[in-house]
Every structure is written in C-alpha cells, then in structure tokens.
Amino acid sequence: MLEGAVKNITSYGVFIDLGGVDGLIHITDLSWGRINHPEELVKLDQKINVVILDFDNDKKRIALGLKQLTPHPWDSLDGNLKVGDKVKGKVVVIADYGAFIEINTGVEGLIHVSEMSWSQHLRTAQDFLKVGDEVEAVVLTLNREERKMSLGIKQLTPDPWTNILEKYPKGSKHQVTVRNATNFGLFVELEEGIDGLIHISDLSWSKKIKHPSEFAKTGDKIEAVILEVDADNRKLSLGVKQLEENPWDVFETVFTVDSIHKGTITNASDKGAIVSLPYGVEGFAPNRHILKSDGTTAKVDDALDFKVLEFVKESKKIIVSHTKTFDDKVVDEKHGGDRKMKDGDTRKAVKKVKDGMEKTTLGDIEALSALRTEMNESENAPKKDDK
C-alpha cells in the first residue's frame, strides 16, 4: 500500500503520482460499486492510499487499486439472507434481457425479463423498469461463492395459474385479446399471464380460412370459449366456432342423400367442379356427374339442379351430381312418391329461410335451428290418408 496524489483523471481511470513514478487506477478498480466517471470519487491533487495490483517492468506500467483497501461487499452481506427473502435496491444497469439491481454497494442481483411478469409475451426489460428505479424483489437464487444472485418481481403478485380451473373452467366464455397470429392459429390473452391458443380449425365451422390473420388482427378483442385446460403445462385451448351450434348438424337434415338442390358451378378442374349450394355450403361434382341432358358438360356459372350422392358431416364433404337428376328420373317417378313429398316439404322449409340468409356465409344459425324444427314437425304431421 502506497500513498500518492491524483495527477490526471480520464474517463477510463485515474493516474496517480507515486513520487516520480506514475500508476493507473482503472475505473473498475476505483469502487466495488458502479460509477459512470472517476470524477465521482476523486479530485485533482487529492492524496489517497492505493494498492499495487500489478507491475510491468518492461513497459514501466503500474496497475493500482483503490477498492481493494476495503473488504468485498459480498463478504459483509447479511449472512441470514436466503432464497425467498425480499430485498430492496436500485436499477443500475438495464438490458433487453434483464436489469441489474444494486441492493448494497457492490452487491447486485439480476432480474431476468422472464421474472418481471407472469405474461409469456416477448418483451424487453425496458418495458418494465428504467435506470434509477427503486424496486422490491424476491431472491430466487443466491451463490455466495460465485457472488451471484438472481431476483424476481413477478413473485410479489399471485401466480394467475394457481386457481386457473376455477377462473376459466371448460366451456366458459370470455373476451380475449389477440396477441399474435401464426399459420396454425391465434395466440390470445385472457388476462396478464394467462395466454391461450385458438387453433385455425376452431375459428369457423365451414368458412375456409387460409391464415388466421384473415379472421382477426393483433390487438382485436374477440369472444371465445374454453375447450381444454392443461394447468400443469400452463396451456389453454380455446375456440370461436363453438360459440354457435354446429350448422352441419342442420345441414345433415337438409342435404340428405338423394335430395335435390339448386346449385351454381363456381370453379372447375380436371377432377370435377365446385358447386355453390344454399347457405353458402359447397359441394363437389366429379366430371362424370356434370354432364347435361344434351350431352354437353356444365361450365362455370351454370345454375342447375344437383342431387346429393354423399354427405359426410365429420369432413364437411358433400358429393353431388347433376347428371343423376335426369338419369334417375324414371326411377324417381316410379318409386319416389313418399320421397317426393318429403323433398317437397324440405324445399318449402328451406325456402322460408333462404331469402333472409347471406349466400356467402353459413347463414343464421338460429334460422337453421328453426328449419330443423319445422322439418321435424312436417315429418311427424298426420297425412290425409291417416285415419
């Protein structure tokens, strides 16, 4: 240990006159705590005691230290401090990944950005704290040998997933905020720290959505229903289409096999044609089933009658045929008395709701439900021949 006088002050350190020989105290060796400039601690011509840290005889350089004259702050840290305790400190450094909190001079702990909020959204530490903020935190890890400490501030508030099954039971409806749209679905937030996924397949019963961003944008508030809750893995599955009755339950009673409906060809390919049916439903007609009675092939925009050949509710598939409407005419006239009456009742019921429905959408689910009821009543009504 020597005594010297401050000869020069720079941004990176202080030059000390040791009596004909100069030495340098690097800024990192001035104080155990963080400082912005050496002028915060020393002045020109000030006499101070220093410690020789290194001596390079060839280069005639002497490295000095000032902080080494006092014990390391970690050595005097409260011995009773343990994981789970609360501490107070000031933000001294901040980066995207977290903030360093000085709880004592020279004793700092890191609050990682993931420990600042229960939310799983990607954020930076600057969204929560700034240099100079006084904060309270919880000790998460403490390693006295390596002089490292990690802290958290989200632990000062209750974990929102603690009673998740009570707050968000399966089948409950909630307003959510869209946070991100990916190829496979929408990530939504129910509250701070509670996120969930609406899979693209749960957005609409029949509307073909190429990308979830077509349905909703980031920041939009939409209503959704809880489908599944995985509390252990902190995962929520939600749906939008489940807010309404599955229209395909109704379509199953409308587009029965052998029933005939008006349709318009909207697209054609090598394999067949896409047919727009009532209520915005689409059917597919293979090439051999779009032959007209005059031997020509039906084209795009042709409006024709189509007979339902196959209806698969699970895959939302309807196979139709125009050709069958006249090929089976003789058979229908001979054996279709009862079926004709039933189809006639169906078409009448369909016509009642058809005029008030949008052709480009699935239509009004309530109207479809009414249609189902009316059809059932029609089927159960006594016929004239009944005694």
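The values are calculated or read from the model by the stated rules, or taken from the named source; none is laboratory data. On a predicted model such as this, the values are computed, not experimentally measured, just so you know. Backbone-built Cβ (ideal geometry, glycine too); neighbour counts: all protein chains shown.
Name the single residue that is farthest from the chain's Cα centre (by Cα) among those in region 132-155 being more than 11 Å from Ile101 (Cβ to Cβ) and not in a strand (DSSP E or B).
Glu145
Please go through region 8-48 and give me each residue that is out of contact with any Gly (no Cβ under 8 Å at 6 or more places or on another chain), closer than 26 Å to Asn104 by Cα and not hydroxyl-bearing (Ser, Thr, Tyr), ordered by number.
Residues of region 8-48 out of contact with any Gly (no Cβ under 8 Å at 6 or more places or on another chain): 8-14, 20-22, 28, 34-37, 39-46.
Add one more test, that the residue is closer than 26 Å to Asn104 by Cα, and what stays is 11-14, 28, 34-37, 39-43.
The answer is Gly13, Val14, Arg34, Ile35, Asn36, His37, Glu39, Glu40, Leu41, Val42, Lys43.
Could you tell me how many of the residues in region 59-87 are of a type in the set (D, E, K, R) and part of a helix (DSSP H, G or I)? Lay out the reasoning, then the answer.
Start the filter on region 59-87 by keeping residues that are of a type in the set (D, E, K, R), which leaves 59-61, 67, 75, 78, 82, 85-86.
Among the residues that remain, those that are also part of a helix (DSSP H, G or I) are: 67, 75.
Residues in region 59-87 being of a type in the set (D, E, K, R) and part of a helix (DSSP H, G or I): 2 in total.
Anything in region 140-199 that is surrounded by fewer than 18 Cβ atoms within 10 Å (Cβ to Cβ) and aromatic (Phe, Trp, Tyr)? List them, or say none.
Answer for region 140-199, where residues must be surrounded by fewer than 18 Cβ atoms within 10 Å (Cβ to Cβ) and aromatic (Phe, Trp, Tyr): Trp161, Phe184.
Restricting the first residue to region 13-38 and requiring it to be within 12 Å of Lys67 (Cβ to Cβ), which pairs with a second residue that is basic (Lys, Arg) meet a Cβ separation below 6 Å and a spacing of at least six or different chains?
If the second residue must be basic (Lys, Arg), the pairs left are Asp29/Lys67; Ser31/Lys67; Trp32/Lys67.
So which of Asp127, Asp96 ends up being touching a Ser or Thr at 6+ places or on another chain (Cβ under 6 Å) and loosely packed, with under 15 Cβ neighbours inside 10 Å? Give the derivation first.
Details: Asp127 fails: touching a Ser or Thr at 6+ places or on another chain (Cβ under 6 Å).
On inspection, the qualifying residue turns out to be Asp96.
Among the strands (runs of 3 or more DSSP E) confined wholly to region 221-274, which include 2 or more residues that are closer than 19 Å to Val312 by Cα and of a type outside the set (Ser, Thr, Tyr)?
Numbers: elements: 221-230, 235-239, 260-268.
It comes to 260-268.
May I ask you to list the residues in region 69-103 that are in contact with an Asp or Glu (Cβ under 7 Å, 6 or more places away or on another chain) and of a type outside the set (A, V, I, L, M, F, W, C)? Can you show your working first?
Going through region 69-103, the residues in contact with an Asp or Glu (Cβ under 7 Å, 6 or more places away or on another chain) turn out to be 86, 88-92, 100-102.
Within region 69-103, Lys86, Lys88, Gly89, Lys90, Glu102 qualify.
In region 1-32, how many residues are aromatic (Phe, Trp, Tyr) and touching a helix residue (DSSP H, G or I) at 6+ places or on another chain (Cβ under 6 Å)?
Step one: list which residues in region 1-32 are aromatic (Phe, Trp, Tyr), which gives 12, 15, 32.
Imposing the further condition that a residue be touching a helix residue (DSSP H, G or I) at 6+ places or on another chain (Cβ under 6 Å) reduces the set to 12, 32.
Residues flagged as aromatic (Phe, Trp, Tyr) and touching a helix residue (DSSP H, G or I) at 6+ places or on another chain (Cβ under 6 Å) within region 1-32 amount to 2.
Does any residue of region 186-199 turn out to be assigned to a loop (DSSP other than H, G, I, E, B), within 15 Å of the chain's Cα centre (by Cα) and either in contact (Cβ under 8 Å) with a residue 24 or more places away in the chain or outside the structural domain of Leu110 (by TED's automatic domain parsing) (or both)?
Within region 186-199, the subset assigned to a loop (DSSP other than H, G, I, E, B) is 192-193.
Add one more test, that the residue is within 15 Å of the chain's Cα centre (by Cα), and what stays is 192-193.
Still in the list and also either in contact (Cβ under 8 Å) with a residue 24 or more places away in the chain or outside the structural domain of Leu110 (by TED's automatic domain parsing) (or both): 192-193.
Looking through region 186-199, at least one residue is assigned to a loop (DSSP other than H, G, I, E, B), within 15 Å of the chain's Cα centre (by Cα) and either in contact (Cβ under 8 Å) with a residue 24 or more places away in the chain or outside the structural domain of Leu110 (by TED's automatic domain parsing) (or both).
Identify, by number, the condition in (1) within 18 Å of Ile164 (Cα to Cα); (2) among the hydrophobic types (A, V, I, L, M, F, W, C); (3) crowded, with 16+ Cβ neighbours inside 10 Å that Trp248 doesn't meet.
Against the list (1) within 18 Å of Ile164 (Cα to Cα); (2) among the hydrophobic types (A, V, I, L, M, F, W, C); (3) crowded, with 16+ Cβ neighbours inside 10 Å, Trp248 comes up short only on (1).
Out of the residues in region 91-131 meeting the condition of being charged (D, E, K, R) and outside any strand (DSSP E or B), tell me which one is farthest from Leu77 (Cα to Cα). Even if it seems obvious, please write down each step before you answer.
Our first condition is that a residue be charged (D, E, K, R); within region 91-131, this holds for 96, 102, 108, 115, 123, 127, 130.
Then drop every residue that is not outside any strand (DSSP E or B), which leaves 96, 115, 123, 127, 130.
Details: Asp96: 28, Glu115: 23, Arg123: 32, Asp127: 30, Lys130: 25 Å.
Step by step, filter region 91-131, then rank; the result is Arg123.
May I ask you to verify whether Val87 is touching a strand residue (DSSP E or B) at 6+ places or on another chain (Cβ under 7 Å), assigned by TED's automatic domain parsing to the domain that holds His112, surrounded by fewer than 18 Cβ atoms within 10 Å (Cβ to Cβ) and among the hydrophobic types (A, V, I, L, M, F, W, C)? Talk me through it step by step, then tell me what you get.
On the way: touching a strand residue (DSSP E or B) at 6+ places or on another chain (Cβ under 7 Å): yes; assigned by TED's automatic domain parsing to the domain that holds His112: yes; surrounded by fewer than 18 Cβ atoms within 10 Å (Cβ to Cβ): no; among the hydrophobic types (A, V, I, L, M, F, W, C): yes.
So Val87 does not fit the description; no.
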